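Asker: This is the structure, below, for whatever I ask next.
The values are calculated or read from the model by the stated rules, or taken from the named source; none is laboratory data. Please read these numbers as outputs of a predicted model, since none were measured by experiment. Here the Cβ positions follow ideal geometry from the backbone for every residue, glycine too, while neighbour counts run over all protein chains shown. For accessibility, only protein heavy atoms count, side chains too; no ligands or nucleic acids. Shrake-Rupley method; radii C 1.70, N 1.55, O 1.52, S 1.80 Å.
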Amino acid sequence: MSLISTFSKVFEKLVHTRLLNHLNKNSTLISAQYGFRENHSTSHAILKLLAEVTRHFENREPAVGVFCDLSKAFDRVHHNILCDKLEAYGVRGVPLDWFRSYLSDRYQFVQITGSRSDLLKSRFGVPQGSILGPLLFIVYVNDIVDHIHTASPTLYADDTTLLFGGPQLGLENRISDSIISLQSWLSSNNLLFNSEKSFVVQFLPHNKQPLSLSLSQLGIKESSSVSFLGLTLDQHLSWAEHINKLCSRLSKASFALRTLSSLLSQNLMIMVYHGCFSSIMAYGVEAWGGSTHSTRVFIRQKTAVRIIMNMPSLASCRGQFRALKILTLPSLYIFKTIIYVYKNRNIFQTVGSQHRYSTRHGEDLLTPQHRLTFTEREASCAGILFYNKLPKSLKICNKRCFERVLKDFLINNEFYNFKEFYDFCVNN
């Protein structure tokens, strides 16, 4: 961890803003990179990968994900290579000299219980804990996609995932060629591919048999599940394994709530709920919230609400979510998917765009054609289905108040499942 003065951080912030503006103005950063970028998050990376897997399912094609792990990637950045890349992206003259100076003549040491090692000059790596470090790293790996032509990459900083799909014929060769090309690029950029923590996962519907792949010569193990940006993806995308782990974490959070219930007021208990329970439950819910296994998480949520309200273990929670102004899990999934679609609605077509005459549902978003009910659980498709059912008075809200009004609508109606939401919207 780099020790950086306050003045240096202020100066770094100014340089960061200028460099980022330059990169954005010239559309330099690849769209597949979701790390350390404004309006990009782990959720966006997860949903992008899941949308592509769903598309392959719809096309009756195999989908194979290669989840790559890089060893100490931030510490292995070669300063000369980084400066060469900055120059290639248009950073030249005095600014480039500044970056060379910024990266050079840094020293490191180790201190343990008062004992301190000798200073050692840092020849590699970007300063961790700095403001510029993350941006410089994504610049460093920005050209990775130029060396992978047969896969769809998804990157979050150093987390690199390659998704392969299409005809089964030649798929294994395409995977092998891409991994060899990736390893070659990593080697030439002083980065280390960690085969022990890299996995191949075949995504397939329940009624399909896995392909016979021979990738052992590349040192990558095949697995039935993998951890990806905090979520556990299984090969059928059933979310059973992820929800097992999530329920275990939520049970521990409920125990903490129960322990504190006799010591804290209800207002403080709600704060603890949002900090220790809801934050865990809500992460990635737009990806797994449509799973049939999600009812187990909802049961854990109701347990937490009973603890906050000091209710018997079998008492009904109807009305309590509204009283606490907490979204039920189904409502949280509806909220997250609708907001995802609403913020990206410019990429979706409306019903009215398909013909010239005006219709009652002309402003509704066009639901993607699909043959699998599985597709309806994918975030964009689910969000469109939910959005189209919203009352018109809610859909005409302006951008500033839409999110707040939608949340109030979902809290006040306290939906326990998706059928309740659809029935209410149809009847009102």
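Asker: Specify the inter-centroid distance of segment 171-194 and segment 245-264, based on alpha-carbon positions, in whole Å.
Answerer: If we compute the Cα centre of each part, the gap is 44 Å.
Asker: Which residues does the label zone of Gln108 cover in segment 116-142, counting backbone N under 12 Å from a point 7 Å along Cα→Cβ?
Answerer: Hits in segment 116-142 for Gln108 at 12 Å: 120-129.
Asker: So what's the projected area for segment 298-428, the Cα convex hull averaged over all directions, in nm²? If you can, show how the numbers build up before the last one.
Answerer: On the way: hull surface 37.3 nm².
Hull-based average projected area comes out at 9.3 nm².
Asker: OK, next. Name the long-range amide H neighbours of Glu222: under 5 Å, sequence gap of 5 or more, or other chain; modelled H, no Pro or chain starts.
Answerer: Val200
Asker: Same structure, new question: Report, in deg cm²/dmol and to the nearest 500, the calculated mean residue ellipticity at 222 nm for the chain, where each DSSP H run with n ≥ 4 adds -39500 (n - 2.57) and the sum is divided by the residue count. Could you put the intermediate results ahead of the total?
Answerer: Details: 17 runs with 196 residues, N = 428.
Result for the chain, helices only: -14000 deg cm²/dmol.
Asker: Given a Förster distance of 35 angstrom, what is the FRET efficiency for Phe7 paired with Glu38, based on the Cβ-Cβ distance and rounded to 0.05? Walk me through the numbers on the way to the answer.
Answerer: Details: r = 25 Å, r/R0 = 0.70.
Plugging the Cβ-Cβ distance into 1/(1 + (r/R0)^6) gives 0.90.
Asker: A further question on this structure: Could you tell me the calculated FRET efficiency between Ser393 and Arg318, based on Cβ-Cβ distance and R0 = 22 angstrom, to the nearest 0.05?
Answerer: Numbers: r = 25 Å, r/R0 = 1.14.
Result of the calculation: an efficiency of 0.30.
Asker: I would also like to ask the following. Once you sort the root eigenvalues of the Cα gyration tensor of segment 128-168 as a ≥ b ≥ c, which label holds: rounded (a/c under 1.5), prolate (a/b larger than b/c) or oblate (the other case)? Don't jump to the answer; show the numbers that get you there.
Answerer: Working: a/c = 5.94, a/b = 2.70, b/c = 2.20.
The shape class here is prolate.
Asker: If you count the DSSP beta bridges with both ends in the chain, what percent of them are antiparallel, to the nearest 5? Walk me through the numbers before you get to the answer.
Answerer: Details: 28 of 31 bridges.
Given both bridge residues lie in the chain, the antiparallel proportion sits at roughly 90 percent.
Asker: Only sites in a loop by DSSP and with at most 12 other Cβ atoms within 10 Å count here; which trypsin sites (Lys or Arg not before Pro) in segment 81-139 make the cut?
Answerer: Working: sites: Lys85, Arg92, Arg100, Arg106, Arg116, Lys121, Arg123; in loops: Arg92, Arg106, Arg123.
Listed in order of number, the matching sites are Arg92, Arg123.
Asker: Averaging sequence separations of C-alpha pairs under 8 Å and six or more residues apart, then dividing by the length of segment 300-428, give the relative contact order as a whole percent.
Answerer: With pairs under 8 Å counted, the relative contact order is 32 percent.
Asker: In addition: Give me the accessible area per residue for the chain, probe 1.4 Å, as a whole number in Å². Numbers along the way, then the final one.
Answerer: On the way: 22540 Å² over 428 residues.
Per residue, the chain has 53 Å² of solvent-accessible surface.
Asker: Are there chymotrypsin sites (Phe, Trp or Tyr not before Pro) in segment 91-177 that DSSP marks as loop and that have at most 11 other Cβ atoms within 10 Å, and which are they? Don't skip to the end; give the middle numbers.
Answerer: On the way: sites: Trp98, Phe99, Tyr102, Tyr107, Phe109, Phe124, Phe137, Tyr140, Tyr156, Phe164; in loops: Phe109.
Here the sparse-neighbourhood loop sites are Phe109.
Asker: Setting aside same-chain residues fewer than 8 positions from Lys336, which lysines have a Cα under 27 Å from its Cα?
Answerer: Partners within reach: Lys48, Lys245, Lys252, Lys302, Lys325, Lys389, Lys392, Lys395, Lys399, Lys407, Lys419.
Asker: Round to a whole angstrom and tell me the spacing of the C-alpha centers of segment 378-407 and segment 97-142.
Answerer: Going from one Cα centre to the other spans 46 Å.
Asker: Something else now. Kirkwood hydrodynamic radius, computed over distinct alpha-carbon pairs, for the chain: how many Å, to one decimal? Present the calculation step by step, with values, prior to reporting the outcome.
Answerer: On the way: mean 1/r = 0.0405 Å⁻¹.
Roughly 24.7 Å, rounded to one decimal.
Asker: Roughly how big is the chain's charge dipole about its Cα centre, with Cβ charges of +1 (Lys, Arg) and -1 (Asp, Glu), in debye to the nearest 20? If you can, show how the numbers build up before the last one.
Answerer: Values: 47 positive and 32 negative charges, 305 e Å.
So the magnitude is around 1460 debye.
Asker: For segment 219-284, what is the charge dipole size about the Cα centre, in debye to the nearest 20, if Lys and Arg each add +1 at the Cβ and Asp and Glu each add -1 at the Cβ? Before the final figure, lay out each step's value.
Answerer: Numbers: 5 positive and 3 negative charges, 49 e Å.
Computed about the Cα centre, the dipole is about 240 debye.
Asker: Heavy-atom accessible area of Thr28 with all protein chains present, probe 1.4 Å, nearest 10 Å²?
Answerer: Answer for Thr28: close to 30 Å² accessible.
Asker: If you don't mind, another one. Taking +1 at the Cβ of each Lys and Arg and -1 at the Cβ of each Asp and Glu, which of Ser313, Ser279, Ser251 sits farthest along the dipole of segment 218-354 towards its positive end, judged by Cα position relative to the Cα centre?
Answerer: Of the candidates, Ser313 comes out farthest on the positive side.
Asker: While we're looking at this one, here's another question. In the chain, which whole DSSP H runs stretch at least 27 Å along their own axis (Cα) and average -0.5 or higher on the Kyte-Doolittle scale? Show your work: numbers first, answer last.
Answerer: Details: long enough: 6-25 (28 Å, -0.31); 240-260 (30 Å, 0.01).
Once both thresholds are applied, what remains is 6-25, 240-260.
Asker: Rounded to two decimals, what is Rg over Rh for segment 27-164 when you use alpha-carbon atoms and the Kirkwood radius?
Answerer: So for segment 27-164, dividing Rg by the Kirkwood Rh gives 1.07.
Asker: Something else about it: Hey, got the dipole for segment 251-378? About the Cα centre, +1 on K and R Cβ, -1 on D and E Cβ, debye to the nearest 20? Before the final figure, lay out the partial values.
Answerer: Working: 16 positive and 5 negative charges, 60 e Å.
Computed about the Cα centre, the dipole is about 280 debye.
Asker: What is segment 67-127 by shape, rounded, prolate or oblate, if you read a ≥ b ≥ c off the alpha carbon gyration tensor as root eigenvalues and call it rounded for a/c under 1.5, prolate for a/b larger than b/c, and oblate otherwise?
Answerer: Details: a/c = 4.02, a/b = 1.55, b/c = 2.60.
In terms of gyration-tensor shape, oblate.
Asker: With the Cα gyration tensor of segment 210-306 in hand, convert its eigenvalues to equivalent ellipsoid semi-axes via √(5λ) and list them largest first in whole Å. Intermediate values should be presented prior to the final figure.
Answerer: Working: eigenvalues 252, 34, 19 Å².
Square roots of five times the eigenvalues give 36, 13, 10 Å.
Asker: Moving to a separate point now. Quick one: pull the percent of accessible area on the chain belonging to carbon and sulfur, 1.4 Å probe, ligands and nucleic acids left out.
Answerer: On the way: 11730 of 22540 Å².
Carbon-and-sulfur percentage of accessible area, whole number: 52.
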